Amino acid sequence: MTTQISRVIVGSDGSDRAGRAVARAVEVAAALGGALTVLGVGTASKLRPLLERQVEEHGDSGVAIDIRVESGHPATVIAEIAEREGYDLLVLGNKGMSGLERLRLGSVPNKVSHHLPCSLLIVRTGS
């Protein structure tokens, strides 16, 4: 059985590390002829400009890229959107938050992986 991957979603916080995951998601979407959504979870006024810059870097990729910003807990929001909207693949970086924030919220890829209805690609974005 072959699963068609046509809808890819990538989580990004606008950081350089997350930009590496966005770049890989663009590569995958381009190779598969799919569309891509870049999803940020946080304050729209702060996050949207960062995501727009990340997307602009891939303007010549030929991939249809949409930007979304939602509020809530990142792992919960990402998993709910992936399920509700029928995405085929979620791409996340292995590193994002650091320090106290990571201890408080935990690893988003780890939390999402237990509840995700689609495939997950974890991109090595930092050590």
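Values quoted throughout were computed directly from the atomic coordinates according to the rules given, and no laboratory measurement underlies them. All values reported here derive from a predicted model rather than from experimental measurement. Neighbour counts are summed over all protein chains in view; Cβ atoms, including those assigned to glycine, are modelled from backbone coordinates with ideal geometry.
What does the charge count near Pro117 come to, summing +1 for each Lys or Arg and -1 for each Asp or Glu among other residues with Cβ under 11 Å from its Cβ?
Local charge sum for Pro117: -3.
Just rank Thr37, Thr43, fewest to most, by other beta-carbon atoms within 10 angstrom.
Thr43, Thr37
Could you work out Rg/(2.2 N^0.38 Å) for the chain, with Rg from alpha carbons only? Please list the in-between numbers first.
On the way: Rg = 13.5 Å, N = 127, 2.2 N^0.38 = 13.9 Å.
Scaled against compact globular proteins, the figure is 0.97.
Taking the Cβ of Ile5 as the centre, find all other residues whose Cβ is under 14 Å away and add up their charges (Lys, Arg: +1; Asp, Glu: -1). Don't skip to the end; give the middle numbers.
Working: positive: Arg7, Arg24; negative: Glu27, Asp88.
Spelling it out: positives minus negatives among the neighbours equals 0.
In what sequence do Lys46, Lys111 fall when counting other Cβ within 10 Å, fewest first? Write out the running numbers ahead of the final one.
Numbers: Lys46 11, Lys111 17.
Taking fewest neighbouring Cβ atoms as first place, the list is Lys46, Lys111.
Tell me the mean residue ellipticity at 222 nm calculated for the chain from its helices only (DSSP H runs of n ≥ 4, each -39500 (n - 2.57), averaged over every residue, nearest 500). If you can, show how the numbers build up before the last one.
Numbers: 5 runs with 54 residues, N = 127.
Calculated mean residue ellipticity at 222 nm is -13000 deg cm²/dmol.
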